[in-house]
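Report on the following structure.
The values are calculated or read from the model by the stated rules, or taken from the named source; none is laboratory data. Since this is a predicted model, take the numbers as computed values, not measurements. Quick reminder, even Gly has a Cβ in these numbers, built from the backbone with ideal geometry, and neighbours come from all protein chains shown. For the accessible areas, the whole protein counts, side chains as well, though only heavy atoms, and no ligand, DNA or RNA atoms are used. Shrake-Rupley method; radii C 1.70, N 1.55, O 1.52, S 1.80 Å.
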Amino acid sequence: MKVRERRRCDTGRTAPATNRSLTKGKMATLQITLPDGATREVPSGTTAAEIAQQISPRLAKEALVARADGELIDLSRPLDHNVKLSILTAKDPDAVQVLRHSAAHLLAAAVLELYPDVKLGVGPPIETGFFYEFLRDQPFTQEDLEKIEAKMREIAAKDVPNQRKLIPKPEALDLYRKTQQEFKCELVEEKAVEPMVSFYTTGKFIDFCRGPHIPSTGRIKAFKLMNVAGAYWKGHEGNPQMQRIYAACFVDQKELDEYLHKLEEAKRRDHRKLGAELDLFSIQDEAGPGLIFWHPKGAIIRRQMEDWLRENLLARGYDLVFTPHIMDLNLWKTSGHANFYRENMFGPIEVEKAEYQLKPMNCPGHILIFKSRLRSYRELPIRLAELGTVYRYERSGVLHGLLRVRGFTQDDAHIFCMPEQIEKEIQDCVEFAWEVLRVFGFSDYVVELSGGDPAHPEIYAGTPEDWKRAEDALTSTLDRMKVPYKYIPGEAAFYGPKIDVKLVDAIGRPWQLSTVQFDFNLPRRFKLEYVGEDGNRHQPLMVHRALWGSVERFFGVLIEHYAGAFPVWLAPVQASVLPVSGKFEEYARKVTQRLKDAGLRVHLDERNEKLQAKIRDAQLEKIPYMLILGGKEAEAGTVSVRHRFKGDLGPRPLEQFVADLQQEIAARAIDQPSVESSSEKAPAATKSK
Ligand SMILES: [Zn+2]
Ligand SMILES: [Zn+2]
């Protein structure tokens, strides 16, 4: 399971409050402001749970945690000053994280009960659940996980309260020393800075923890222990190796089921698995990791993709170029890559006492073409595009199928223009990115605009005025295009602000692909100039942009998005010809030849197999159309058409089918089932002809 930690473990931060809430003697009156602005007077010491009860018994029942002046607190925490209070239910994402954190405690409680000798590490919530880490000599097995999960359900069903407890620090250390929980001792030593330390108990289980927690274990119902992964204590190599038990955890069973289904779906769509099954590409140990071999069927798809791209680049006023794969290392010194990018580059190659560098980027090559002669303002903008193959050193541990590789081809372009041209160029780039999304069948996307950090102008190339102008150009372009976006200050590259487009695939996963980046750095380093209308020399603006990111990565995303069932214009085989028996071979050959002559990619299944088997195999290969040919068809000059998703479409004259298919290809039509129905079903019985 791949999970991203949303926040580090909050186990063991010092308790921000002490017993100050226990006001002695006459109760003071507090003013509580609720989210709708209404206020309530309550005696000091009243808890959020009691206030929830006053508002409505239903809210009290659904409440998980409270937010007081922005801080999450236990429902049972007595209030001791005037606050803005919200009672949070499972509808609030922060409350769900608290539920997950409480579930992590439940996991630790169950593990300790079953394996009293384990040593506890940390146990934070994560994006889709939680983990807890343990030190134990034997690895946890699948059977162990089942036992632990059953124990968790047992404790959960008892609805054991989660109670906060403040313990003086020396006592806390003592407690952990006595139970030989040395990692916990370490945490208390490091994190507890106040005299009283916050703990939480769940029955017999006690944990150093800042909290808050949900009131009791009864609400933890929808969870599943997923897997065990090794992790060094505190993430430092050389530290003891902990076993992390990861779990999925949601508010209700429906959400959990949806998540598990999505995981299954992601597994089914894994491009590495489909790449081998459909014979699209491979990575060969003999050649080295992270290097992609495009097999004939994958190569057909790549050619369709590239043909579309080149056609559209030309239509949009780009010039196509080619640049060398290795260039003099000095060029990479000028560009700064030899310094700033060194760790991502393959080492230099020595030839005739000069050093050459395998290119990690295409920019310097395009810059040399721009610089090859003096440019006039009349030529601008100059848009140089290349399907440029680059090589980057990625550690073998991070390589991942087509998504993270060492050699790949960027759909790269560099635009050199004058300041007054920049907005139009940015808009064209964004529109081009939209066109990519549309043509390749994506409807959802997320746009992010990464700006500089105004507090640290010194770390960026270019003047603050340059940056302001560039960011203004990006924001006003997006605003004018009415594109919703998220502005992220401080996330820009040092050389300029950028727009990133993440597309969202068929099962809701975002993928970072298109990027449009300003660059104040390279034009200056390479002393780029053009002769302006005023006869003086000026420095052009430079934009780097890629739409797919790389052909390899985009191909990986396409495989997963379509689950290998590419739209007909991309499909390696567009139609499979299936004669019902050897008797109709001659007609089948005639049909196949006709389709080939029409420029269609067709496969004739001449095997001596039953029709059902031929259909099944064509379905497994995700071929869009199957043409079933028997006596009736041969006599009438028709084909019986079967579609991979729609099933039987009935007989059609051969010429009609050819024309229909050509039209579908020309339109680059997308024929996809909805995600729910996309899972492979055995093909329904086809009437024999
Ligand atoms: Zn905790
Ligand atoms: Zn570039």
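Looking at the square roots a ≥ b ≥ c of the eigenvalues of the Cα gyration tensor of region 209-329, which shape do they give, rounded for a/c under 1.5, prolate if a/b is larger than b/c, or oblate? Prolate, since a/c reaches 1.5 and a/b exceeds b/c.
The trypsin sites (Lys or Arg not before Pro) of region 484-529 that DSSP puts in a loop, and whose beta carbon has at most 11 other beta carbons within 10 Å, are K527. Computed from backbone phi with θ = phi - 60° and the Karplus coefficients 6.51, -1.76 and 1.60, the 3J(HN,Hα) list for region 185-199 is 4, 4, 5, 4, 3, 6, 9, 7, 9, 9, x, 9, 10, 8, 10 Hz; x is used for glycine and proline.
In deg cm²/dmol and to the nearest 500, what is the mean residue ellipticity at 222 nm of the chain if only DSSP H runs of at least 4 residues count, each as -39500 (n - 2.57), divided by the residue total? Don't jump to the answer; show the numbers that get you there.
Working: 20 runs with 228 residues, N = 689.
For the chain, the value works out to -10000 deg cm²/dmol.
Taking region 132-149 and a reference point 7 angstrom along Cα→Cβ of A229, the backbone N atoms nearer than 13 Å belong to 132-133.
Protection proxy ranking, highest mean first, for peptides 419-430, 450-461: 419-430, 450-461, where packing is the per-residue count of other beta-carbon atoms within 10 Å, averaged. Scanning residues 5 or more positions from R244 or on other chains, those with amide H under 5 Å from its amide H are F134, A229, G230, A231, with H placed 1.01 Å from N in the peptide plane.
3J(HN,Hα) couplings calculated from phi for region 74-79 with the Karplus curve 6.51 cos²θ - 1.76 cosθ + 1.60 (θ = phi - 60°) are, in sequence order, 4, 4, 8, 6, x, 8 Hz; Gly and Pro show x.
Under the shape rule built on the C-alpha gyration tensor, where the axes satisfy a ≥ b ≥ c, the chain is oblate, since a/c reaches at least 1.5 while a/b does not exceed b/c. Computing FRET efficiency as 1/(1 + (r/R0)^6) for D252 and E609, where r is the C-beta to C-beta distance and R0 is 45 Å, gives about 0.40.
How far, in degrees from 0 to 90, does helix 142-157 lean away from the longest principal axis of the Cα atoms of the chain, to the nearest 10? Helix 142-157 sits roughly 50 degrees off the main axis of the chain.
Given Cα pairs under 8 Å that are at least 6 residues apart, what percent is the relative contact order of region 156-254? Relative contact order, region 156-254: 28 percent. Taking the C-alpha atoms only, the angle from helix 654-666 to the longest principal axis of the chain is near 60 degrees.
If you fit an axis through the alpha-carbon atoms of helix 296-315 and take the longest principal axis of the Cα set of the chain, what angle between them do you get, 0 to 90°, nearest 10? Its long axis makes an angle of about 80 degrees. Counting 0.36 nm for each residue step from V398 to K267 and taking away their Cα separation leaves a gain of 45.3 nm. Among residues other than G275 with Cβ under 12 Å from its Cβ, the summed charge is -1 (Lys and Arg +1, Asp and Glu -1). Restricting the GluC sites (Glu not before Pro) of region 172-239 to loop positions (DSSP other than H, G, I, E, B) with no more than 12 neighbouring Cβ atoms within 10 Å leaves E237. Computed from the Cβ-Cβ distance with R0 of 60 Å, the FRET efficiency linking A157 to D534 stands at 0.15.
Per residue, the chain exposes 48 Å² of solvent-accessible protein surface, assessed with a 1.4 angstrom probe and all protein chains in place. Phi-derived couplings, Karplus 6.51 cos²θ - 1.76 cosθ + 1.60 at θ = phi - 60°, listed residue by residue for region 486-501: 10, 8, 10, x, x, 9, 5, 5, 5, 8, x, x, 8, 10, 10, 10 Hz, with x used for Gly and Pro. Taking amide H atoms as placed 1.01 Å from N in the peptide plane, the amide H of V577 lies under 5 Å from those of H603, L604, D605, L627, each 5 or more residues away in sequence or on another chain.
Annotation: the antiparallel percentage among DSSP beta bridges lying fully within the chain is about 85. Considering only L649, A588, N239, the residue lying farthest towards the positive end of the dipole of the chain is L649, judged by Cα position with unit charges set on Cβ.
On region 528-629, 44 percent of the accessible area sits on carbon and sulfur atoms, based on a 1.4 Å probe.
Label sites at A666 and A299, each approximated as a point 7 angstrom past Cα along Cα to Cβ, lie 2.9 nm apart.
Taking amide hydrogens as placed 1.01 Å from N in the peptide plane, the amide H of Q357 sits under 5 Å from those of M327, D328, L329, I349, each at least 5 positions away in sequence or on another chain.
The distance from the alpha carbon centre of region 259-280 to that of region 464-487 is 38 Å, rounded to a whole number. Semi-axis lengths, largest first, of the ellipsoid equivalent to region 270-404 are 30, 24, 11 Å, with √(5λ) applied to each eigenvalue of the Cα gyration tensor. Per residue, the convex hull spanned by the Cα atoms of region 612-657 amounts to 67 cubic angstrom.
Under the criterion of Cα pairs below 8 Å and six or more residues apart, the relative contact order for region 502-646 equals 19 percent. Please find the FRET efficiency linking K646 to S443, where r is the Cβ-Cβ separation and R0 is fixed at 25 Å, and quote it to the nearest 0.05. Efficiency, from the Cβ-Cβ distance: 0.75.
If you take every DSSP beta bridge whose two residues both sit in region 346-492, what share of them, in percent to the nearest 5, is antiparallel? Around 80 percent of the beta bridges assigned by DSSP in region 346-492 are antiparallel ones. Taking 0.36 nm per residue of separation and subtracting the current Cα-Cα distance, fully stretching the chain between Q241 and D279 would add 9.8 nm. A straight chain from K84 to D117 at 0.36 nm per residue would run longer than the Cα-Cα distance by 7.5 nm.
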